[in-house]
Structures are given as structure tokens and as C-alpha cells.
Amino acid sequence: MQAGDPDFQGTWLDDPAHRAFLVADARRALDFFDASPRAGGGFHLLDWQGRPRPTALQELHTTTRLVHSYALAHAAGRPDRAGIVDQGMDYLWRRHRDADHGGYLWGLEGDGIADGTKLAYGQVFVLLAASSAKLAGHPDADRLLADVTEVLERHYWDEAAGLFRDEFTRDWQPFSTYRGMNANMHGVEALLAAHEATGEVLHLDRAGRILRFFIDGQARAHGWRIPEHYDQDWRVDAAYAGNPVFRPAGTTPGHSVEMARLLLQWWDLAGRPDDGSPAMARALTETALASGWNHAEGGLVYTLSLQTGAVDNPARYWWPVTEAIGALATLIKLDPLPGDEVWYRRLWDFAASHLVDHERGGWWHELGQGNRPTQTQFPGKPDLYHALQADLFPLVPDLSRVAAGLARGRVLA
């Protein structure tokens, strides 16, 4: 299946064939992930065929991302036939929320706690889920939003630095001096959604402070590549290598394009100040694509050396492609250059040919040699969030307020 009409004169964002492709892919993916709810609460992780994988582990980012994704789909006019938003909101409040110590537990298994760690990465996804649920009109969104906002304020926000701290034990003891870009990046995403849901200016201001540190500060100083890892004083830790999925060594092209999109969303919500944000977003995107694209087989490599920009980890996952699509779509909406359309079509042609499962729905999460799907880091298809956003972001006309744009267009109805 082609991603769009190759002969269409103009941007694919306006191409009826491409827009129909996006809608069809989103619907197929949602149909696939309708199998997620687990009897008694929580969600299954799914294999390639959409069957529950044999694990009872439930991690916080899985719960929150499903709530966010189905809330966006609800805004776009697609009924939540599986009751995922209701089940996810209930599970967040009853099970992930730590009634003894506050905050939200990272890992649950059955009736027990598999991992009581309190990671900022997980807490900000609770803020995203609560904000998206509020935008979708869920009756339990306000209590979740108020609770997680207080948790982030009390434990994670470093006012002097204007950034989020990273990790605590279950009873709020700091157990490392690590500070990271990834949790802060998703913090920006969640703060922008919270601002859209509540109108609270503090959320927008804090998102701007995070973006300024990592983009106008760190990326500008490192050839428009963003260092991933820092010490407790927010100095770059170039030697750090942690969890290969969440904290890979070096710099990550997929995060650069994700930050570029978030920067433009913040800039739009902030009234489009004359601060150079569009130029910085373009520099991040163009550097990531030039350095990270696999010219032999396509796709974006996972990590680059911070010092040289050379390929460090050549693994090719689905999510950097989805985030590059989001960044290019945003740049095209704002002020397109000829190369933007070339890259946008290249990314979607690659995704349609090698990542999208046209038969069952959802995207393959990793490609090996010959662009064959593999399962080295990501067994099955555990994630809807990245690919669904790649489908939905191009379908709205604005840079920000995606949920509102989807609600106006009802593109999945």
C-alpha cells in the first residue's frame, strides 16, 4: 500500500490519498490494540498477531500511553469500543497510584508490586494521560491531574535549574545523582498537554524553561545534537550508558526530531515569540536526518556518538521514524522548504513499505537485515502511542492543540 500519490503536486499533507492512508492506518492500529484490556484491570502486552504475551508485568508507561492514545482517538471521532480509557484511568488510580507513599509505581504484577521505583519518566506520562483524558471529557481526569501535578511539584521539579529530577525509591529516597533528557522531553510533552487542558500558564512556562536548556543551551553547543545524560549539577555526562531502551549512550536522532516538534508546539502556544525557535527546530531536524538516516536500507539509526556524530548503535526502531514524520509535518505546516516534502515522503514511503503491518495493524517495532522485522529489544508490538501520533499529527492544520484539531475535524469518525 502506498503512503500517498507520488504524482500529487503539493504537500502530501493536502493529498487526499495520503490522508486516507493515515486514517486507515490509525483505524487498523486501534482495532489491533483493542485486544489490550486484561480481565480484572490493566492491559496485556501484545505479540505480532495481537495475542496477549505471556507476562503479567504492567509498566506505568504502557498504561498511560494507552490512555493518551485512545483519548486522542476519541477526540478524532473513533469510539473507545474496548473501554481502554475507562480501564486505564481506573487502573492508574487504584493500582499504579501508591496510596502509602504517593506518586505512581513503575511496575505491577498481579496483585503485587514488581518495581516500586518512582521515575520522573513515568510520572510525567501520568500527567500526559490525565491531561488527554481531561481534553476528552473523562470524569476522573481532574482528580488524577491534581494528584500527579502535586507529586511532580513536591518531588521532581528543580526550580533553580528549571528541570525535572529523575528517580527516587518508593518512599522518596534519592538513589542516584542521574539527570536525564528523556524524562524532561516527555515532561515538556505532558506540560504542553496540561496547559491545553487547563489553561495554566505555569505549565507552559516550565515547558519553555526545559526546552531552552536542552535546545538553545545544550544542542546549540553540541552541533545541534542533544546530550542525553547529566550529573546532579546538570553537567553533561558523556560517558554514561544505562538502560539500552530508555537511557542509551550518546545522542539519539529520534529524540532530536521529537524535541523539534515539541519546541514548535510550545512556540505556537506561547504566541510565536521572536526567539529563533523555528530555526532551532529546523537545525535539530536537519542534523538528525543527515546524521541518522541509514542510506543503505532506510530508517533512522538509534544512537550517535555525542563527540563525533558517527553511528554508535545502528539498530533501527519504528519510533524515530514516527517522530521524524511529526517534526517534518510541523515544519511543513509552518514554513515549508522543498527538502521538507522530500523527507516527509521518504519517511512515509519507508514506513509504509517496511514498518506498517497492513494485514494485522500496528507497526513492526524493529528491523533487521534486509528490513525484516525482528524482536531484539521489543518483543511483539507493545506500543501504539508513537505510530498513532504519526498518523494523527499530519491530519490537523495547527502546530499545537492537536486534540482540539482532531475534535474539529473528526477525522476517524
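The values are calculated or read from the model by the stated rules, or taken from the named source; none is laboratory data. In this text the structure is predicted, and so the values were computed from the model without any measurement. Positions of Cβ are generated from backbone atoms using ideal geometry, with glycine treated the same way; all protein chains shown enter the neighbour counts.
Can Asp90 be described as of a type in the set (Asp, Glu), more than 23 Å from the chain's Cα centre (by Cα) and at pLDDT 95 or above? So Asp90 does not fit the description; no. Comparison of Leu152, Leu127 shows that the only residue that is under 18 Å from Val85 (Cα atoms), assigned to a helix (DSSP H, G or I) and not polar (S, T, N, Q) is Leu127.
For segment 215-228, enumerate the residues that are in contact (Cβ under 8 Å) with a residue 12 or more places away in the chain, surrounded by fewer than 23 Cβ atoms within 10 Å (Cβ to Cβ) and either of a type in the set (Gly, Ala, Ser) or not in a loop (DSSP other than H, G, I, E, B) (or both). Listed by number, the residues that qualify are Asp216, Gln218, Arg220, Gly223. Exactly one residue among Pro397, Pro382, Pro314 is over 16 Å from Val23 (Cβ atoms) and part of a loop (DSSP other than H, G, I, E, B), and that residue is Pro382.
Can you name the residue in segment 100-116 that is out of contact with any Leu (no Cβ under 8 Å at 6 or more places or on another chain) and either in a strand (DSSP E or B) or surrounded by 16 or more Cβ atoms within 10 Å (Cβ to Cβ) (or both) and is also modelled with the lowest pLDDT among such residues?
Narrowing segment 100-116 to residues out of contact with any Leu (no Cβ under 8 Å at 6 or more places or on another chain): 100-103, 110-112.
Filter again for either in a strand (DSSP E or B) or surrounded by 16 or more Cβ atoms within 10 Å (Cβ to Cβ) (or both), leaving 102-103, 112.
Working: Gly102: 98, Gly103: 98, Gly112: 95.
It comes out as Gly112.
Within the bounds of segment 22-39, is there any residue that is out of contact with any Phe, Trp or Tyr (no Cβ under 9 Å at 6 or more places or on another chain) and in a strand (DSSP E or B)? No: zero hits. Taking segment 43-81 only, how many residues are in contact with a Ser or Thr (Cβ under 7 Å, 6 or more places away or on another chain) and not in a helix (DSSP H, G or I)? Going through segment 43-81 one residue at a time, the tally reaches 4.
Residue-level check: of (1) modelled with pLDDT under 95; (2) in contact with an Asp or Glu (Cβ under 6 Å, 6 or more places away or on another chain), His74 misses just (1).
For the residues Ala310, Ala290, the requirement of being more than 20 Å from the chain's Cα centre (by Cα), over 24 Å from Asp349 (Cα atoms) and among the aliphatic types (A, V, I, L, M) singles out Ala310. Among the residues of segment 103-120, those identified as more than 24 Å from Asp34 (Cα to Cα) and free of Cβ contacts under 8 Å to residues at least 60 places away in the same chain are Tyr104, Gly112, Ile113, Ala114, Asp115, Gly116, Thr117, Lys118. Condition check for Gly10 on (1) farther than 26 Å from Ile325 by Cα; (2) out of contact with any strand residue (DSSP E or B) (no Cβ under 7 Å at 6 or more places or on another chain); (3) at pLDDT below 95: one failure, at (1).
Sub-7 Å Cβ pairs linking a first residue in segment 385-410 that is closer than 20 Å to Ala130 by Cα to a second residue that is of a type in the set (Val, Ile, Thr) and part of a loop (DSSP other than H, G, I, E, B), at least 6 apart or interchain, are Val402/Val396; Gly405/Val396; Leu406/Val396, ordered by first then second residue. The test for being in contact with a Lys or Arg (Cβ under 6 Å, 6 or more places away or on another chain), surrounded by fewer than 21 Cβ atoms within 10 Å (Cβ to Cβ) and at pLDDT 95 or above does not hold for Gly361.
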